[in-house]
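What follows is a short report on a single structure.
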Amino acid sequence: MRLSMREALDYKDCPQLYKFRHVDFLPERRDIKSYFKQKLRQTISHYYFCMIDKREKSLNNIFSKWEQLWFCPEVEESFQESDIRDHSNKAISLLRNFHQYTKDERIVPVAVDFRYEASFDGETNLHVTGKIDLIKVLNDKTRNKETDLVFFSYSNHMPDEFLSKININTAVAAYAFRKNFESRESNVILCNIGKKHETVIQMTGSDFVRAKKILYNIAEGIENRIFFPSDNKQKCGKCSFRTFCMNEKAMEDRDAISKRHDN
Ligand code: SF4
């Protein structure tokens with residue numbers, strides 16, 4: 001079975017959401033935050049691509065890329081001008097901080113947006129595809145040479161160390177890196193764009209065993225079409241399928257009532 005990391009994470013968050021998005025292909029309205037995250041990450045990727053291509057990675061270059069990505073018809077036609085402007089100001093401040101913290105780093109980016117496929121052997125073979133935002137080699141004379149896998153996020157809070165360690169996204173990515181490059185990463189780094197501190201974690205064999213168990217359970221659930229709603233307040237609170245979810249519940253209630261009448 002083939003599974004993308006996005007599909008696995010959606011199923012883990014809520015099997016019913018997985019069904020709406022990946023089985024029923026229901027239409028989904030993206031909010032401004034989702035565009036914001038996407039464009040911010042693309043701007044960060046651009047910064048590292050510039051390093052690989054030995055092009056200018058100045059602050060002005062980053063700002064121009066951001067503006068080119070953000071002020072596009074897709075965004076301008078979907079949201080109010082004041083919201084677009086506010087988000088842009090926020091991005092400019094985050095990117096300024098990001099540049100300030102990273103400009104003097106002695107690193108060599110090895111790959112940006114690296115797409116991997118990880119194979120897990122079991123009763124059924126499972127192939128999981130995903131992406132590592134950045135693979136970098138640190139060439140700092142004060143430290144040993146390090147190869148780090150970096151994942152960027154944008155949030156008001158720093159990524160929690162424990163939650164990051166049990167996150168299947170980072171565990172599977174590290175597993176795939178080891179298989180693809182026949183070498184071990186030094187660290188997995190969760191970088192909160194615009195914040196100076198990073199969360200640094202080390203993956204061990206038990207993290208991979210745990211991730212594999214979760215993935216196999218997800219794959220089994222999908223294969224057996226087990227799609228139930230979650231009661232995760234956080235996920236439901238920002239779910240774009242809430243109307244469909246309520247309709248599904250209303251239909252289930254109606255079926256239950258008519259079954260009672262038939263009996
Ligand atoms: S509203 Fe909640 S239960 Fe319904 S699909 Fe979304 S996340 Fe799942």
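The values are calculated or read from the model by the stated rules, or taken from the named source; none is laboratory data. Because the structure is predicted, anything quoted here is derived from the model rather than measured. Every residue, glycine as well, gets a Cβ built from its backbone with ideal geometry; the counts of neighbours run over all protein chains shown.
Before moving on, here are some points about what is shown:
Residues are listed down the side, and each one gets a yes or a no for (1) aliphatic (A, V, I, L, M); (2) under 22 Å from K233 (Cβ atoms):
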{"residue": "M5", "(1), (2)": "yes, no"}
{"residue": "D13", "(1), (2)": "no, yes"}
{"residue": "F20", "(1), (2)": "no, yes"}
{"residue": "Q38", "(1), (2)": "no, no"}
{"residue": "T43", "(1), (2)": "no, no"}
{"residue": "F49", "(1), (2)": "no, no"}
{"residue": "R55", "(1), (2)": "no, no"}
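- Residue count for the stretch 9-31, restricted to those that are more than 18 Å from G221 (Cα to Cα) and either touching a Gly at 6+ places or on another chain (Cβ under 7 Å) or among the acidic types (D, E) (or both): 2
- Verdict on F98 being surrounded by 16 or more Cβ atoms within 10 Å (Cβ to Cβ), at pLDDT below 95, touching a Gly at 6+ places or on another chain (Cβ under 6 Å) and more than 29 Å from C245 (Cα to Cα): yes
- The condition of being of a type in the set (A, V, I, L, M) and in contact with a His (Cβ under 7 Å, 6 or more places away or on another chain) holds for only one of I62, I44, I52, I84, that being I62.
- Residue within the stretch 139-153 that is within 23 Å of K165 (Cβ to Cβ) and in contact (Cβ under 8 Å) with a residue 60 or more places away in the chain present: yes
- Scanning the stretch 8-23 for residues that are acidic (D, E) and without any contact (Cβ under 8 Å) to a residue 40 or more places away in the chain returns a single hit, D10.
- The residues on offer are F49, F79, and the sole one that is touching a strand residue (DSSP E or B) at 6+ places or on another chain (Cβ under 8 Å) and not assigned by TED's automatic domain parsing to the domain that holds M158 is F49.
- Filtering the stretch 213-240 to residues that are within 12 Å of K19 (Cβ to Cβ) and within 9 Å of the ligand (Cβ to nearest atom) leaves F228, P229, S230.
- Within the stretch 68-78, the set of residues being loosely packed, with under 15 Cβ neighbours inside 10 Å and either in contact (Cβ under 8 Å) with a residue 40 or more places away in the chain or not in a helix (DSSP H, G or I) (or both) comprises F71, C72, E77, S78.
- Criterion (modelled with pLDDT under 95, under 30 Å from I214 (Cα atoms) and surrounded by fewer than 18 Cβ atoms within 10 Å (Cβ to Cβ)) met by exactly one of R6, R29: R29
- Criterion violated by R29 - all others in (1) more than 16 Å from the chain's Cα centre (by Cα); (2) within 16 Å of the ligand (Cβ to nearest atom); (3) within 30 Å of L126 (Cβ to Cβ) satisfied: (3)
- Listed by first and then second residue, the pairs with beta-carbon distance under 6 Å, at least 6 apart or on different chains, first residue in the stretch 175-186 and touching a residue at least 60 places away in the same chain (Cβ under 8 Å), second assigned to a loop (DSSP other than H, G, I, E, B), are F177/E185.
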